[in-house]
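Everything below concerns the one structure shown next.
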Amino acid sequence: MLLTVNEVAEILRVHYRTAYRLVTGGKIRAIRIGNQWRVPEESLTAFIEEGWKDSVPQKRRKPPSGPQQLKLPIDKE
């Protein structure tokens, strides 16, 4: 099944121009028919799968242990 750029934008929940840039920039493989772009469903699925592989889990910081020291403002005269 071939999808329009508008349909790709709706599926990805991004603006139309963002989807258009992904297609014309070659991030999502597409076919140009006349003056319109069509995206095979498999290409969109591959793009999404690649995104999952590229994401890197962020390291969580450990909360400081022990009492927390607060700094009070000091008036300089």
Accessible area (Å², per residue) of the chain, counting only protein heavy atoms and a probe of 1.4 Å: 98 Å²
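Run the helix sum for the chain: -39,500 (n - 2.57) per DSSP H stretch of 4+ residues, divided by residue count, reported at 222 nm to the nearest 500 deg cm²/dmol.
Working: 3 runs with 31 residues, N = 77.
Per the formula, -12000 deg cm²/dmol.
Eigenvalues of the Cα gyration tensor times 5, then square-rooted: what semi-axes does that give for the chain, in whole angstrom, largest first? Numbers along the way, then the final one.
Details: eigenvalues 466, 61, 17 Å².
Ellipsoid semi-axes (Å, largest first): 48, 17, 9.
The values are calculated or read from the model by the stated rules, or taken from the named source; none is laboratory data. Nothing here was measured: the structure is a model prediction, and the numbers come from that model. Calculation scope for accessible area: heavy atoms of the full protein, side chains included, ligands and nucleic acids excluded. Shrake-Rupley method; radii C 1.70, N 1.55, O 1.52, S 1.80 Å.
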